[in-house]
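Undergrad: Supplied in structure tokens, the structure appears directly below.
No value in this document is a laboratory result; all are computed from the given coordinates. Here the structure is a predicted model, which is why all the values come from computation and not from measurement. Note that each Cβ is placed from the backbone with ideal geometry, even for glycine, and that neighbours are counted across all protein chains shown.
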Amino acid sequence: MNSVKSVFGIQSPIKIIILIIVLILPGIIRSQSENAILNQGKTEPSVESDSINFAIKLKAKADSLLEDMHYLEAENTIIQAYGIAKRFNDKKLLGKLCNGLAECYSMTGRHEKAEELYNEAFQLYSSIPDTNAMAVILINLGDEYAKTGRTELAAETELKAIKLKEDSRNYRKLAFYYQKLGELFIERDNAKWEEYAMKALALTRTPEYTTLYATVAVYNDLGAIWRIKDDFVKAEAYYDTMYRISEEAGYKKGIATATSERALLLYDQGKYQEALPVALKAYGIIEDSNDDYKIVYEATLIARILLKLNKPAEAIAKLIPALVRAEKADLVPEILEARKYLSRAYQDVGNYQMAYEIQNKWISLKDSLDGIEVRQALDDLQTRFETEKKQQLINRLNDLNLEHERRNTLFITLLVVSTVALLLLVFLLRLRNKSIRQNRFLHEKEQEIMHIEHVQLVRDLEYKSRELTMAAVHLINKNEVLNDLKSKLSGVGDKAVEMNHVIRLIDQNLNLDKDSQNFNRHFEEVHPDFFMKLKDKFPSISNNEERLCAYLYINMNTKEISQMLNVTIAAVDKGRNRLRKKLDIGSEVNLNEFLKRL
């Protein structure tokens with residue numbers, strides 16, 4: 001403190017504090033200003049060096065967003081940084097931004113734009129040149145080709161990336177490259193898949209040769225390999241390691257994938273009740289992200305478990321939005337999976353028409369993917385890659401001999417593969433035709449059952465309509481006869497006391513509700529829900545007015561209605577007018593037609 005005082009001539013602590021504030025405050029203000037600009041994403045510094053630094057900070061922010069799977073937000077941030085780098089023609093930074101923006105486009109289903117940006121990044125790095133960065137772009141481009149079903153092109157591109165790394169003796173992050181190459185052999189050559197996965201695992205022992213994402217992906221692949229071999233104990237051990245590494249690093253996507261693979265492991269063991277909450281947990285982790293592939297994959301897995309638990313309706317509710325998302329993002333393998341299980345779910349709920357239609361779409365898409373040619377191309381590319389490495393170690397004469405042998409082997413291989421392909425194609429066509437015939441038979445049976453049920457319903461309706469008509473006629477005739485008898489007996493006067501007793505009996509019979517209730521029952525059978533709809537729309541309507549509406553609905557005239565209700569024609573007309581007021585309709589509206597439209 002004494003030295004500070006002596007240098008600056010400061011004699012009090014207050015002056016020392018003021019000096020410290022003066023020295024530090026400008027730096028704090030400048031740092032806060034840069035953070036404000038970064039967060040707002042609207043303005044950048046004017047000086048070139050400051051602008052480039054600002055673009056680099058934007059890229060760092062975008063990298064964080066990408067790690068959390070917020071692809072749309074990352075896209076907007078990268079676009080702003082790209083504009084700055086483009087203005088000052090910083091090729092290295094432009095290449096990194098193109099790579100990041102391509103990832104945003106890829107993960108949100110815009111694959112054509114992603115390919116364009118990866119190619120742009122490759123050209124930028126080639127012009128520097130930067131061999132390591134070129135290899136990074138090639139491996140990402142290969143992954144992009146694989147997502148859109150172009151496996152042959154993906155393998156060729158990723159092999160070029162590995163060759164660039166090994167030729168330049170740059171083994172940094174090489175585990176990631178072998179892991180990506182191995183994934184291309186999934187369900188095509190599991191031995192190759194395991195070979196490359198184990199090679200990648202060995203490389204992960206040296207931190208410089210791997211990345212967090214590569215290490216997580218390698219453990220995921222090995223877990224899947226042992227799961228396919230039905231060694232669930234080893235598979236679970238790999239998935240547990242994958243989960244632990246992801247959790248320690250806060251890698252959200254790795255946590256979600258490890259959780260999902262645990263659910264799949266339980267599914268393969270038939271533990272569906274245990275698998276469901278685990279799968280739902282995995283879906284919840286990535287539900288708010290923009291990762292179309294992961295969202296579709298997790299939703300399809302949940303649907304598969306629900307089908308095993310005999311809950312096809314819930315499975316349909318999961319699969320329909322997943323299929324829409326997969327089709328929008330052009331995720332061909334995921335579209336196939338979603339359609340396969342959606343068809344099965346519709347079949348389980350008895351909707352054979354929808355099951356048949358979706359099954360046909362699934363067959364059409366599957367037939368369009370020629371997996372045999374892809375497998376042959378992968379084997380051929382792998383052979384060429386191994387051959388190129390060997391040719392570097394032998395002389396020209398051995399090269400010529402090897403080429404001659406390779407051509408003979410290739411000819412025989414092509415002949416054998418072509419024969420196998422032809423036989424397999426015939427088998428697939430027969431299998432497809434058999435499936436179509438079975439679906440057609442199910443559809444015809446369903447239509448036949450529906451026709452029989454329809455005919456039976458029509459017959460039942462006709463029978464009930466006849467009963468309703470007979471009940472109405474019976475009521476009219478009964479009331480007519482009783483009224484006629486009453487009028488005749490009334491003419492006798494007081495001459496016979498017995499006659500008054502008979503008239504009272506007739507009046508009592510005229511007022512009995514039994515026949516009226518019988519009519520109402522027949523009416524409800526022929527026209528169900530009529531009274532309920534009427535009461536819902538016009539709650540103030542009385543029971544007698546409900547009966548009047550029923551008689552009008554079956555087109556009875558005023559005279560018939562008066563006989564049914566045992567009232568005068570004038571009373572029926574008054575009842576009509578009161579009914580119009582309650583229904584809030586004018587005299588120009590046909591009352592019968594209005595009731596039929598309810």
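Undergrad: Go through 180/229; 234/308; 271/366; 113/281 and tell me which ones have a Cα-Cα distance over 27 Å in this structure.
TA: Pairs exceeding 27 Å: 271/366; 113/281.
Undergrad: Tell me, rounded to the nearest percent, the portion of alpha carbon pairs in segment 529-598 spaced more than 20 Å apart.
TA: Of all Cα-Cα pairs in segment 529-598, 21 percent lie more than 20 Å apart.
Undergrad: Taking a threshold of 31 Å on the Cα-Cα distance, which of the pairs 311/596; 59/163; 252/328; 163/318; 59/294; 96/361 fall above it?
TA: Cα-Cα > 31 Å for 311/596; 163/318; 96/361; rest within.
Undergrad: Can you sort 221, 130, 536 by how many other beta carbons sit within 10 Å, fewest first?
TA: Neighbour counts put them in this order, fewest first: 536, 130, 221.
Undergrad: Treating only the Cβ atoms of Lys and Arg (+1) and Asp and Glu (-1) as charged, compute the dipole magnitude of segment 529-598 about its Cα centre; round to the nearest 20 debye.
TA: For this selection, approximately 120 debye.
Undergrad: Using a 10 Å cut-off around each Cβ, can you sort 111, 404 from fewest to most neighbouring Cβ atoms?
TA: Listed from fewest to most nearby Cβ atoms, that is 404, 111.
Undergrad: Rounded, prolate or oblate: which fits segment 200-307, taking a ≥ b ≥ c as square roots of the Cα gyration tensor eigenvalues, rounded meaning a/c under 1.5, else prolate when a/b beats b/c?
TA: Oblate shape, in that a/c is at least 1.5 and b/c is the bigger or equal ratio.
Undergrad: Rounded to the nearest Å, what's the spacing between the alpha carbon centres of segment 81-141 and segment 50-64? Just the number, please.
TA: Distance between centres, Cα-based: 15 Å.
Undergrad: Based only on other Cβ atoms within 10 Å, what is the fewest-to-most ordering of 169, 578, 339?
TA: 169, 578, 339
Undergrad: Here's a follow-up. Give me the distance in nm between label points sitting 7 Å out from Cα along the Cα-to-Cβ direction at residue 529 and residue 206, one decimal.
TA: 7.4 nm
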